[in-house]
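J.: Encoded as structure tokens, here's the structure I'll be asking about.
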Amino acid sequence: MKNASTLSFFLLLALVYYSFYSLMPRSISALETPKTEFSTERALIPLKEITKAPHYVGTEENKRVREFLIQSLKDLGLNPETQQGYILNEKYGRMDQPVNIVAKLKGTESGKALLVFSHYDSAGIPSFGASDAGSGVVAILESLRAFNASGKQPKNDIIILFTDAEEVGLVGAKLFVREHRWAKDVGLSLNFESRGSGGPSSMIVETNQGNKNLIKGFMEANPEYPVTSSLLYSVYKMLPNDTDSTILREEGDIDGLFFAFIDDHFDYHTAGDNFERMDRNSLEHQGSYLMPLLTYFADADLGLVKSSEDYVYTNFPVINMIAYPFGWVMPMQIFAILFFIALLVLGFKTKKLNLKSVLKGFVPFLLSLVATFIVGFFGWSILLKIYPHYTEILHGFTYNGHAYIGFFVSLSLALCWFLYSKFQKEETTANIFVAPLFLWLIINILLAVYLKGAAYFILPFYCALVSFWILIKKETSSALVHLLLATPAIFIFSPLIQTFPVGLGLETIVLSTVFTVLVFGLLLSFLSTFAHKKRASIVFMFTALCLFIFAHATSDFTEDRKKPNSLLYVQDLDAKKAYWFTYDSILDDWTKTYIGSDPKEAFTLFNSAARSKYNSGYTFAAEAPHYDIPHYQATTTQDTLIGDQRKVSLKFLAEKKAAVLLLYVDQEITFSSLSYNGVDVVENLSFTEKNNRLLTFSVQELDSLEVSYTLPQGINPTFTLHEYSFDLMDNPWLEVSPRTNSMMPKPFVFNDALVIKQKITPTSSVLE
């Protein structure tokens, strides 16, 4: 076998690069783009207006954005309406009053409608909501404008929905599917979202049935840059999902296609989710989906969307998509087993394989797997010891996260090259190729049984088997032939190696290191043609070192890489005390101004905190001045006996605008009935000491809250109310100094908040 040439090496690098480059558009459409086509630059105009300020549910900015979107829909010739109402999400223990925006483009026929939607509220205090989900909102507006400009009239009604309160429990979607008159007409939904500020947009299927017709329709619509796979579909169905599309599927049996970009995850729900930082190419990618899908499904028979059959599918460069039925999975797997066994028989019969050499081939492969597993499993923990400030980034993907992915992957490749340089000196490529092929065969068998959505992994395996056959049949073969056969593995698996830690956080980097070894093994027929394996090991070790140095140089927080921090003022009305609190593990100069340089642990002063998405609690605290600040007043409006049951109504009235109310019961209790503002609790009437939060209530305007319940006579619970207003930075009593330019509010926690805590015990003569 001829040694691989420099050309083949650079071709390998080019293929890896193209596996990423081909995933999404690399330029954006200009203002001069024909009116009948999507233009990213035109979509940016309303996005700039939407993202002037954070606009989370219940705020004046939320109202301003809503009014802007209503007018934008009117400008498109539509007649939008709002839908408002109280919705209780018992899963999350929340009640909100979202205000959805709904409009309809009337079709010529009376079949099922196409729903195109996104949410217009931003996340909490920090986020400006440019990517999540302003990008989805403006992609819809611009696509509707282009569709209208084409002069086409759809066969199907096209319903446009901008939900509110998505970020606080998917409440707007619940309101639509439960109460809107048009919900029952929807045959298919297209939802546009994000979980970061850049990267390619992935398509995920939402269905209670099979995906066959959804995938066939998606392929027939023929978007230019499809990024999707049945692996994502299968994994997504197993996870506790939390998207608006999930609500439509679970409560309305509405099938959907869900699109979201997740790269630059460090901006997710932060002040970095702003107009300037959003990747324009990601918005272009959303438009490249929406226009062909809108055109196709506007005229498709949406009554035929549902299917009992599932497809295996994945995107692939040039041909766009590969798809086939789940029914093919086992036959393809059986054929792979027989093909592999036949090649082994042929190899041993022709003496191209030797049992001792084959067994020796397992040594470098298994050592590589073990070594990279150790590196990946312990590596990130070690880095957190070196850079403890990374723990302030709660979702676990740092600003220099891509450098760390490159570092761990390069280190894994260096280990692979080093170990194979030691063991391949006396063994042929055919003999050492058996080990990774055998393990990949086992992996594919397991996938065929337990995770059929990943069954397309068999396709690169088939190509590897052909390479194996060539190694057995021919004394010499071209490195370029083996590279060609390795191309499917490169295209399919290279992006996955990056996706794991980007989407799940750097603590999952072990998935990338182990997967790197698995792919290395699958490419051995080509990689073994390189004569200078030690030199390759040195090159990748040097690359890893350079990436680590770069990561170290960019490890500090700066104006472009802001440090998330937190501060709350908590007032205990019953104790007549007040405290400064933080969720931060490492205090900076700004938080030290209030918490002090030698802070007390939070639990020594106060043992109650609203838990975050990542289960963060207060870390440090300090006593603060107590002020007479207006707050909610509680009154007992009803306390009557009905048989042996006592019915009580409590009303909480605002003296000033608050953002969120949290209500707790201070004992283990099971209510006979329970309702909030007339909305009955049906499923969760029992509360324990560990789970004593009754309700999280997002306040609209000066909303009051009425809590009504029945209990056996003689039980008189005490409640605790936490009232949050997110005005710490401009509160006239507290005079908190601004953050520096290298800081931003920490996401995923109640932050920049003035919190008032009080105990409430219903009072009435009935209780005496």
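The values are calculated or read from the model by the stated rules, or taken from the named source; none is laboratory data. Keep in mind that what you see is a predicted model, and the values were worked out from it rather than measured. Reconstructed Cβ throughout: ideal geometry from the backbone, glycine too, with neighbour counts over all protein chains shown.
J.: Against the definition (touching a residue at least 60 places away in the same chain (Cβ under 8 Å) and crowded, with 21+ Cβ neighbours inside 10 Å), how does TYR56 come out, yes or no? Please lay out each step first, then the result.
T.: Values: touching a residue at least 60 places away in the same chain (Cβ under 8 Å): yes; crowded, with 21+ Cβ neighbours inside 10 Å: yes.
The answer is yes for TYR56.
J.: What number of residues within region 366-405 satisfy the criterion of being more than 21 Å from VAL517 (Cβ to Cβ), part of a helix (DSSP H, G or I) and aromatic (Phe, Trp, Tyr)?
T.: Residues in region 366-405 being more than 21 Å from VAL517 (Cβ to Cβ), part of a helix (DSSP H, G or I) and aromatic (Phe, Trp, Tyr): 1 in total.
J.: I've got another one for you. Mind checking which residues of region 17-44 are exposed (fewer than 15 other Cβ atoms within 10 Å of the Cβ) and farther than 16 Å from ALA149 by Cα? Full working, then the answer.
T.: Quick first cut of region 17-44, residues exposed (fewer than 15 other Cβ atoms within 10 Å of the Cβ) only: 17, 20-21, 26-27, 30-32, 34-36.
TYR17, PHE20, TYR21, ARG26, SER27, ALA30 - these are the residues of region 17-44 that are exposed (fewer than 15 other Cβ atoms within 10 Å of the Cβ) and farther than 16 Å from ALA149 by Cα.
J.: Provide a single number: the residues in region 6-28 that are free of Cβ contacts under 8 Å to residues at least 12 places away in the same chain and within 16 Å of ASN281 (Cα to Cα).
T.: The qualifying residues number 1.
J.: Then there is this: Of the conditions (1) on the phi > 0 side of the Ramachandran plot; (2) in contact (Cβ under 8 Å) with a residue 24 or more places away in the chain, GLY643 clears all except one; give me its number.
T.: (2) is the only condition that GLY643 fails.
J.: Next question. Could you please give the count of residues in region 679-736 that are within 29 Å of the chain's Cα centre (by Cα), over 23 Å from THR637 (Cα atoms) and among the small types (Gly, Ala, Ser)?
T.: The number of residues fulfilling the criteria is 1.
J.: Suppose the filter is at negative phi and either without any contact (Cβ under 8 Å) to a residue 24 or more places away in the chain or surrounded by 14 or more Cβ atoms within 10 Å (Cβ to Cβ) (or both); does LEU728 pass it? Break it down into steps so the answer makes sense when it comes.
T.: Numbers: at negative phi: yes; either without any contact (Cβ under 8 Å) to a residue 24 or more places away in the chain or surrounded by 14 or more Cβ atoms within 10 Å (Cβ to Cβ) (or both): yes.
For LEU728, the condition - at negative phi and either without any contact (Cβ under 8 Å) to a residue 24 or more places away in the chain or surrounded by 14 or more Cβ atoms within 10 Å (Cβ to Cβ) (or both) - is met.
J.: If you don't mind, there's one more thing I want to ask. Run LEU115 past the list (1) more than 23 Å from the chain's Cα centre (by Cα); (2) under 25 Å from LEU293 (Cβ atoms); (3) assigned to a strand (DSSP E or B) and report the number of the one that doesn't hold.
T.: (1)
J.: State whether the residues of region 412-430 include one that is under 22 Å from ILE538 (Cα atoms), in the same structural domain as ALA371 (by TED's automatic domain parsing) and touching a Leu at 6+ places or on another chain (Cβ under 7 Å).
T.: Yes, region 412-430 has at least one match.
J.: Something else: For region 361-381, give me the residue count where each residue is surrounded by 19 or more Cβ atoms within 10 Å (Cβ to Cβ) and among the β-branched types (Val, Ile, Thr).
T.: Final tally of qualifying residues: 2.
J.: A further question on this structure: Looking at region 1-16 only, could you name the residues that are surrounded by 15 or more Cβ atoms within 10 Å (Cβ to Cβ) and among the aromatic types (Phe, Trp, Tyr)?
T.: Answer for region 1-16, where residues must be surrounded by 15 or more Cβ atoms within 10 Å (Cβ to Cβ) and among the aromatic types (Phe, Trp, Tyr): just PHE9.
J.: Same structure again: Answer yes or no: is there a residue in region 39-56 that is aromatic (Phe, Trp, Tyr) and closer than 25 Å to GLY129 by Cα. Walk me through it before giving the result.
T.: Our first condition is that a residue be aromatic (Phe, Trp, Tyr); within region 39-56, this holds for 56.
Checking which are closer than 25 Å to GLY129 by Cα leaves us with 56.
The answer is yes, given that some residue of region 39-56 is aromatic (Phe, Trp, Tyr) and closer than 25 Å to GLY129 by Cα.
J.: Which members of region 220-236 meet the condition of being closer than 28 Å to PHE176 by Cα and in contact (Cβ under 8 Å) with a residue 60 or more places away in the chain?
T.: ALA221, THR228, LEU232, TYR233, SER234, VAL235
J.: Output the residues belonging to region 500-530 that are small (Gly, Ala, Ser) and within 20 Å of LEU367 (Cα to Cα).
T.: Matches in region 500-530: SER512, GLY521, SER525, SER528.
J.: Only residues that are touching a Pro at 6+ places or on another chain (Cβ under 7 Å), within 27 Å of TYR387 (Cα to Cα) and crowded, with 20+ Cβ neighbours inside 10 Å: list them for region 501-524, please.
T.: Within region 501-524, ILE509, SER512 qualify.
J.: Determine the pairs where a residue that is farther than 15 Å from ASN213 by Cβ, located within region 322-335, has a partner that is in a strand (DSSP E or B) with Cβ atoms under 9 Å apart, the partner being 6 or more residues away or on another chain.
T.: If the second residue must be in a strand (DSSP E or B), the pairs left are ILE322/VAL312; ILE322/TYR313; ILE322/THR314; ILE322/ASN315; ILE322/PHE316; TRP328/VAL312; VAL329/VAL312; MET332/TYR324.
J.: From the list SER282, SER245, exactly one residue is over 30 Å from MET743 (Cβ atoms) and not assigned by TED's automatic domain parsing to the domain that holds GLY396. Which is it? Steps first, please.
T.: Details: SER282 fails: over 30 Å from MET743 (Cβ atoms).
Unique residue meeting the criteria: SER245.
J.: Have a look at VAL329, VAL345, VAL318 and point out the one that is of a type in the set (Val, Ile, Thr), buried (at least 20 other Cβ atoms within 10 Å of the Cβ) and farther than 12 Å from GLY217 by Cα. Walk me through how you get there before you give the answer.
T.: On the way: VAL345 fails: buried (at least 20 other Cβ atoms within 10 Å of the Cβ); VAL318 fails: buried (at least 20 other Cβ atoms within 10 Å of the Cβ).
From the options VAL329, VAL345, VAL318, the qualifying one is VAL329.
J.: Among the basic types (Lys, Arg), farther than 26 Å from ASN89 by Cβ and either surrounded by 18 or more Cβ atoms within 10 Å (Cβ to Cβ) or in the same structural domain as ASP584 (by TED's automatic domain parsing) (or both) - does that describe any residue in region 693-714?
T.: Restricting attention to region 693-714, the residues satisfying the condition of being among the basic types (Lys, Arg) are 693.
Checking the rest, the ones that are also farther than 26 Å from ASN89 by Cβ come to none.
No.
J.: Applying the selection to region 599-653, what residues are over 30 Å from TYR676 (Cβ atoms), part of a loop (DSSP other than H, G, I, E, B) and at pLDDT below 90?
T.: PRO599, LEU605
J.: On to the next question. How many of the residues in region 671-706 are at pLDDT 85 or above, within 22 Å of PHE750 (Cα to Cα) and not in a strand (DSSP E or B)?
T.: Result for region 671-706: 3.
J.: Follow-up question, since we're still on this one. Could you say whether any residue in region 625-640 is assigned by TED's automatic domain parsing to the domain that holds LEU702, in contact with a helix residue (DSSP H, G or I) (Cβ under 7 Å, 6 or more places away or on another chain), under 30 Å from HIS389 (Cβ atoms) and surrounded by 13 or more Cβ atoms within 10 Å (Cβ to Cβ)?
T.: Going residue by residue through region 625-640, those that are assigned by TED's automatic domain parsing to the domain that holds LEU702 are 625-640.
Then keep just the ones that are in contact with a helix residue (DSSP H, G or I) (Cβ under 7 Å, 6 or more places away or on another chain); that gives 639-640.
Those left that are additionally under 30 Å from HIS389 (Cβ atoms): none.
Checked region 625-640: no residue is assigned by TED's automatic domain parsing to the domain that holds LEU702, in contact with a helix residue (DSSP H, G or I) (Cβ under 7 Å, 6 or more places away or on another chain), under 30 Å from HIS389 (Cβ atoms) and surrounded by 13 or more Cβ atoms within 10 Å (Cβ to Cβ).
J.: Residues being closer than 28 Å to ARG280 by Cβ and crowded, with 24+ Cβ neighbours inside 10 Å: count how many of those fall in region 204-222.
T.: 3
J.: Quick check: is even one residue across region 577-600 hydroxyl-bearing (Ser, Thr, Tyr), within 30 Å of TRP417 (Cβ to Cβ) and either surrounded by fewer than 18 Cβ atoms within 10 Å (Cβ to Cβ) or touching a residue at least 12 places away in the same chain (Cβ under 8 Å) (or both)? Working first, answer last.
T.: First, pick out the residues of region 577-600 that are hydroxyl-bearing (Ser, Thr, Tyr): 579, 582-583, 585, 591, 593-594, 597.
If we keep only those that are within 30 Å of TRP417 (Cβ to Cβ) as well, we get none.
Within region 577-600 (the criterion being hydroxyl-bearing (Ser, Thr, Tyr), within 30 Å of TRP417 (Cβ to Cβ) and either surrounded by fewer than 18 Cβ atoms within 10 Å (Cβ to Cβ) or touching a residue at least 12 places away in the same chain (Cβ under 8 Å) (or both)), the answer is no, since none of the residues qualifies.
J.: How do the helices (runs of 4 or more DSSP H) wholly within region 505-598 filter down when requiring 2 or more residues that are in the same structural domain as SER737 (by TED's automatic domain parsing) and of a type outside the set (A, V, I, L, M, F, W, C): which remain? Spell out the reasoning first.
T.: Working: elements: 509-522, 524-527, 533-553, 589-595.
Those helices (runs of 4 or more DSSP H) span 589-595.
Matching residues to (1) under 30 Å from LYS647 (Cβ atoms); (2) among the aromatic types (Phe, Trp, Tyr); (3) part of a loop (DSSP other than H, G, I, E, B):
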site: HIS722; (1), (2), (3): yes, no, no
site: PRO732; (1), (2), (3): no, no, yes
site: ARG739; (1), (2), (3): no, no, yes
site: MET744; (1), (2), (3): no, no, no
site: PHE748; (1), (2), (3): no, yes, yes
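J.: What is the one condition in (1) out of contact with any Ser or Thr (no Cβ under 7 Å at 6 or more places or on another chain); (2) hydroxyl-bearing (Ser, Thr, Tyr); (3) buried (at least 16 other Cβ atoms within 10 Å of the Cβ) that THR554 does not satisfy?
T.: In the conditions (1) out of contact with any Ser or Thr (no Cβ under 7 Å at 6 or more places or on another chain); (2) hydroxyl-bearing (Ser, Thr, Tyr); (3) buried (at least 16 other Cβ atoms within 10 Å of the Cβ), THR554 misses (3) alone.
J.: Looking at TYR456, is it surrounded by fewer than 22 Cβ atoms within 10 Å (Cβ to Cβ) and of a type outside the set (A, V, I, L, M, F, W, C)? Steps first, answer last, please.
T.: Working: surrounded by fewer than 22 Cβ atoms within 10 Å (Cβ to Cβ): no; of a type outside the set (A, V, I, L, M, F, W, C): yes.
Spelling it out, it is not the case that TYR456 is surrounded by fewer than 22 Cβ atoms within 10 Å (Cβ to Cβ) and of a type outside the set (A, V, I, L, M, F, W, C).
J.: Contact list please: Cβ distance under 6 Å, first residue in region 252-279 and assigned by TED's automatic domain parsing to the domain that holds HIS55 and closer than 12 Å to GLY503 by Cα, second residue part of a helix (DSSP H, G or I) and at pLDDT 95 or above, pairs at least six apart or on different chains.
T.: Cβ pairs passing all conditions: PHE261/SER282.
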